[in-house]
Structure formats: structure tokens, C-alpha cells
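One structure below.
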Amino acid sequence: MNDFKPIFLVASLMAMGALSIDTMLPALSMVKTSYDVLSHHGHWTITSVFLGISTGQLLFGPISDSIGRKKTALIGLLIFGFSNLISIFATDYTFFLMCRFFQGLGAGATVVVSRAIARDIYSGTKLARLMSLVSSIFILVPVLAPSMGQLIITLLSWQFIPITIMLFCFSLTLWISIFQIETNKLNRPLNFKGILDGIIEVVNSKISRSYTITAGLTFGILVSFLNISQPLFQEYLSTGKYFSLYFGAGALAVGLGSILNAKLLTKFEPVKIVNIALKFELIWAVIFLIFFSTGGITNIFSVMLFLLPNFFVFGAIFGNMNAIAMSPMGHIAGTASAIIGTSTTLTALPIAASIAYFFSGSLVPFTLLIILVASLSLLITKK
């Protein structure tokens, strides 16, 4: 099959949220300074986008089934692009966060549409191949975006980051409006009641309920790291402009974990992979909890030695958790995908906000979080 066009389209639409978050990471301290924000409130620059993505997925999933993928994608991109543009004129942190929320809202629409387009045009092995290729390209966003943000800051100022994102967004909008055909041929009536029915089905299914919770807890680890990564590396480990390289190494570890998982799935069931990976994560975190809490040297080497295997494990299990949660929901796949995705994010956000609020340079609370999440996940998913 001629993969370039669908790969480019799906990967680009899927990348909006990650682009908005990861390019801003090197600028978090500058944002706090610009708006005179207390250090433990700075995480809202990230959290507000995730809240928008959660809302956008639920809102625009049914809309895309009704008015079509193309129109929904264009609406999402316009919301995303204009909220980036307006954010550079924000005179206070509250208004800036409102702009960030609407960036997430628009990105939520593009995420939902990207998955829906993939399902519209391919199925079976072709769909699996498409999503595999998309994932291998998508992982480049968190690897490269912080470096792009750092370069923009070095050459210009942090306010040019949303301008750069906006230009990419509007270019994609133009491309889709001219070249993309509508892939949804059904045009179902707009039905938000289906969301409520879907929530009931997910809650009533032990498998879906259990793995949605564990996916949310696990995602909480990643979002927690996103919230503390900039102060950890730049303020406490003094990596300066090299922060983006260390962050990129973590993102690369996630990608490598995903690649290994794809190979393991040819021989093992996803439930078994998740179980073994969680046990490894638990043991690894306990070892480093002892190290960090007994005076072990917290330098860039020990921190990366701790983090990289955890990110690798995340890459190996997070997709499996979502796939297992979705497995009983084939008859309402689109709605269930939005519900599980939203539930995962809403579970993760309060966890991440708590870690960010109390972060003071020590990795002990973050390590305790990993131990708690791994232990609860093993307990929840126990047959």
C-alpha cells in the first residue's frame, strides 16, 4: 500500500498535543518568571493541556462520527492554532493557562480523528502496520521537540515557541483542506448519550475497568516526570541547555520499549508482558528508593540509571494496558477509545499534580510513586 500520505496525516494529527507540551519543557522556568508564578504552580503549564486533551477526546469523538473526520480535524486544528497565537498576548498566568487548555482541546480533536481515520481506511494487518509506522515516527516528537524549544529560546525567546507551533498547525490545516478526502462514509446522527452508555459498559467490564485504572496510574508516572523534569535537570542537576538531550534519551527509551513489546507480542500474551514488566519496575524502584533515601549520590548518572529502565518498561506496557482494556469493547470501539483515553488522563493528572507540588529536588517521592503504582497495578490486575 502507498503509506506515505496516511502515515503523514495520522502522525501529524496525533503529534499536536505532544508538540504543545514537549517544546515548552525547556521554557517552564521562563514562563514562571514571566508571570511571577510560584514554583509549585508551574506544572499547570503542562496539566492544563492534558485537561484540554481529555475534554477534547470526549467532545469530538461523537462529532467526528456525525460531521466527518475532515471537518472535525480542521475545527480542532483551528482551535489549536489560534489558541497558540493568542497565548503570546497573555498578560497573566490564568489567561495563559486558558489558552493552553484550548490548545489541548484542539489537540484532543486531532488525536480522536487520527485514530478514526486509521480505522476508516485500513483494517487487520494493514491497520496494524500503519499504526506501527506511525508510532515509530511519533516517538520522534518527544525526542526532538525539547531540542527545538531550546533552540528557539536560544535564538529568540520562549514566546516564539507557540508561534512556531502555530505555523506548523496552519500549514497542516491548509494541506488537509486541499488534499484530504473524507474517510467517514457513515455520518451518524450526533449522539452524546452513547458516551454515557459506553462509560457504563467500561465500568461493568472487569477487564476494561481494571486495565483502564492501571493505565491511568502508569500514565501518572509519565506525567509526573513531565512536570518535574525541567526543575530536576536544569535547576537541581544543572544540565542547562543539555536538558533536552537527557529528556530525549528518556523518550527514546520509551520508543525502544515499544519496539521490543511489538516483538514480544508475537510470542507472549500482553497480560503476561504487563505482569512481568510491573514486577521488574517494582524491584528496580525499591532498589533505588534504598539508594536515594540512604544518602546515595544523586547525580546525572544515577538519575538516568534509575529513569531509563522505567521509561523502557513504560513503552513496553502502556500500549498493552490500553489494548487489554479495549479488548471487550469491539462493538463500541470509537466511544470506548475516547472514554478509556479520557479516564486514563484524568486518573494521571491529580497524581502528577501532587508530585509536582511537593517536588523539592529529591527523587524519593517519585520513586515511592512508582512502587505504589506497580504494587496497586499488580493487585488490581490479579486474576
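Against the definition (buried (at least 17 other Cβ atoms within 10 Å of the Cβ) and of a type outside the set (Asp, Glu)), how does Phe312 come out, yes or no? For Phe312, the condition - buried (at least 17 other Cβ atoms within 10 Å of the Cβ) and of a type outside the set (Asp, Glu) - is met. Restricting Ile181, Ile199, Ile221 to residues that are surrounded by 19 or more Cβ atoms within 10 Å (Cβ to Cβ) and aliphatic (A, V, I, L, M) narrows the list to Ile221.
Among the helices (runs of 4 or more DSSP H) confined to the range 28-124, the ones with at least 2 residues that are crowded, with 21+ Cβ neighbours inside 10 Å and free of Cβ contacts under 8 Å to residues at least 60 places away in the same chain are located at 44-67, 69-87, 93-121.
Do we find a residue being at pLDDT 85 or above and under 25 Å from the mean Cα position of the chain (by Cα) anywhere in the range 121-141? No; the residues of the range 121-141 include none that is at pLDDT 85 or above and under 25 Å from the mean Cα position of the chain (by Cα).
For Thr164, the criteria (1) farther than 23 Å from Ile340 by Cα; (2) assigned to a helix (DSSP H, G or I); (3) among the hydroxyl-bearing types (Ser, Thr, Tyr); (4) modelled with pLDDT under 90 hold in every case but one, which is (4).
The values are calculated or read from the model by the stated rules, or taken from the named source; none is laboratory data. Please read these numbers as outputs of a predicted model, since none were measured by experiment. Using ideal geometry, Cβ is built from the backbone for each residue, glycine included, and neighbour counts are taken over all protein chains shown.
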